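The values are calculated or read from the model by the stated rules, or taken from the named source; none is laboratory data. Small disclaimer: the values here were computed from a predicted structure and weren't measured. Positions of Cβ are backbone-derived with ideal geometry, glycine not excepted, and every protein chain shown enters the neighbour counts. The accessibility values were calculated without ligands, DNA or RNA, using every heavy atom of the protein model including side chains. Shrake-Rupley method; radii C 1.70, N 1.55, O 1.52, S 1.80 Å.
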Amino acid sequence: MARETVEVVGVSAASPEAVWSVVSDFCGQWHPAIATIHAERDARGTLVRAFTAHGEGTVYREQLTWLSDSDRTLAYTHLGGIAGAQSYDGRIAVGAGDHGGSTLRWSARVEAASPRLQAICEGTKAIFEAGIAALSETSLATDAAEQPRPLPASAATRDIVIDGEPRLALTTTDSDGPLCLFLHGIGGSRGNWLPQLAAAGGVTRAAALDLRGYGGSALGRMQSTVEDYCDDILRVKEELGADRLVLVGLSLGSWIATSFAMRHPEMLAGLVLSGGCTGMSEASLEERETFRVSREVPLDAGQTPADFAPAVVKVLAGPNASDAVKEQLFRSMAAIPSATYRDALVCFTNPSERFDFSRLTMPVLMMTGDHDRLASPSEIRSVAGRILDQASRPDIRYETILDAGHVCNVEQPAAYSRILLDFLRKLPR
């Protein structure tokens, strides 16, 4: 089989936002060649468009594999309809023009036997050119700011404790559907997730967990490992009678969620990773030790997390964080027992594996704050791209949360919740 890449670049006088409002509707009937089109969902909730072209009886099917509203990019893969195509992966990117307006870049990577490859590429180029021409005209009429979708009414929550070794404390809702379980970062607690918990509870069942040693949860008798955290998730799943899980993590919680996904992909309906993913699983031993030692220095000097919480908040918070947000981050950090903080540091800097992203068979949403000093947008976007390349059936969304630092769900709770709820709504009940 031979491979070839087709790319067409065009411009529009309309703003990037206006063009993207048309392009991002994956099942919209904006292309002049399309006669009929409708949306389908596979067993995972992944979006598939089925369409016919004018003058043809063939039904074409394409699956959305990547979406980013913040980057204004989407990607898709061919499932059926193009005769002789071994593989066909398309991508559309909308950017700002050099002198105003927009730039549109539409490409496809095609694999097929010759001479069929040449015919497919020629047809693809013609389709792309016609589509870009249509976008340059149609999007001019949609150059208006879209109003954010209102958040649902907050679901009622209650606190529960799971007895055992160790004791685990949760805040949960009593909604139906897969269990959306929130996992906080190394300087947080389940309280950091309360706005998202209340919002998600209007869509599916939800719970926020205090990791062992935090808040109402107890430390184990031995040094915690990532396997221990995964076992705790299994305990929560069993206690709440959940069939499937959606794990939502922040920083340390993202690393734990991905670690669980490596071990139990069949249990996950979805995976949401904020402000991190790989943790220190790809860092060298020297880098891990430097990280751990630098953060243990104040503990070794007799300080508690409450003593160095102000310095930590300066790293976590974005430049425009409100005093109320800074105070919340301070309280979360100050409440952590020294033994818990040290335990989490040792666990985090002793990863048991380098992640194999081909094991991620569930839809994945990745987010990070645009001012995140610990997990920058370029880093998280890169990891999302690796998952797109390595997962056997990718369904990836990446978003940058504007005007937010590391704990993006706390700094921008409404923006975070809207993206999260959009992701949760597409998953099978």
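Using the average count of surrounding beta-carbon atoms within 10 Å as a protection proxy, the listed peptides 352-359, 284-291 rank, highest first, as 352-359, 284-291. Relative to the dominant Cα principal axis of the chain, helix 226-239 is inclined by about 80°.
Summary value for the chain: 15 percent relative contact order, contacts being C-alpha pairs under 8 angstrom separated by 6+ residues.
Restricting to bridges with both residues inside the chain, how much of the DSSP beta-bridge set is antiparallel, in percent to the nearest 5?
Working: 53 of 82 bridges.
Among the beta bridges of the chain, antiparallel pairing accounts for roughly 65 percent.
Hey, any idea what % of the chain's accessible area is carbon plus sulfur with a 1.4 Å probe? Summing carbon and sulfur atoms, their accessible area is 51 percent of the total for the chain.
A 1.4 Å probe over all protein chains sorts R149, R263, R158 by accessible area into R149, R158, R263, starting with the largest.
Over the chain, DSSP H runs of length four or greater, each weighted -39,500 (n - 2.57), average out per residue to a 222 nm ellipticity of -10500 deg cm²/dmol. Sort the chain into rounded, prolate or oblate with this rule: let a ≥ b ≥ c be the square roots of the eigenvalues of the Cα gyration tensor; rounded if a/c is under 1.5, and if a/c is not under 1.5, prolate when a/b is larger than b/c, oblate otherwise. Prolate, because a/c is 1.5 or more and a/b exceeds b/c. Shape descriptor for the stretch 13-172: Rg over Rh equals 1.13 (Cα atoms; Rh from the Kirkwood inverse mean 1/r).
What are the semi-axes of the equivalent ellipsoid of the stretch 201-327, taken as the square roots of 5 times the eigenvalues of the Cα gyration tensor, listed largest first and rounded to whole Å? Walk me through the intermediate numbers first.
On the way: eigenvalues 154, 75, 52 Å².
Listed largest to smallest, the semi-axes of the stretch 201-327 are 28, 19, 16 Å.
In whole percent, what relative contact order does the stretch 248-361 give with Cα contacts below 8 Å and a gap of six or more residues? Computed over the stretch 248-361, the figure is 34 percent.
Accessible area per residue for the chain, computed on protein heavy atoms with a 1.4 Å probe, is 42 Å². Annotation: amide H-H contacts under 5 Å for T65 (H modelled 1.01 Å from N, sequence separation of 5 or more, or interchain): A75, Y76, T77. Sort the stretch 337-398 into rounded, prolate or oblate with this rule: let a ≥ b ≥ c be the square roots of the eigenvalues of the Cα gyration tensor; rounded if a/c is under 1.5, and if a/c is not under 1.5, prolate when a/b is larger than b/c, oblate otherwise. Since a/c reaches 1.5 but b/c is at least a/b, the shape of the stretch 337-398 is classed as oblate.
When only Cα pairs below 8 angstrom with a gap of at least 6 residues are kept, the stretch 1-65 shows a relative contact order of 20 percent. Highest-first packing order for the peptide set 292-301, 374-383 is 374-383, 292-301, based on the mean count of other beta carbon atoms within 10 Å.
Partner lysines whose Cα lies under 28 Å from the Cα of K237, excluding those fewer than 8 positions away in the same chain, are identified as K426. Taken one residue at a time, the phi angles of the stretch 123-130 give Karplus couplings (6.51, -1.76, 1.60, θ = phi - 60°) of x, 4, 4, 5, 5, 5, 4, 5 Hz. Gly and Pro are set to x. For A269, the residues 5 or more places off, or on other chains, whose built amide H falls under 5 Å of its own are L245, V246.
Enter the angle in degrees (range 0 to 90, nearest 10) between the Cα long axis of helix 338-348 and the first principal axis of the Cα atoms of the chain, meaning the one along which they spread out most. Helix 338-348 sits at roughly 40 degrees to that axis.
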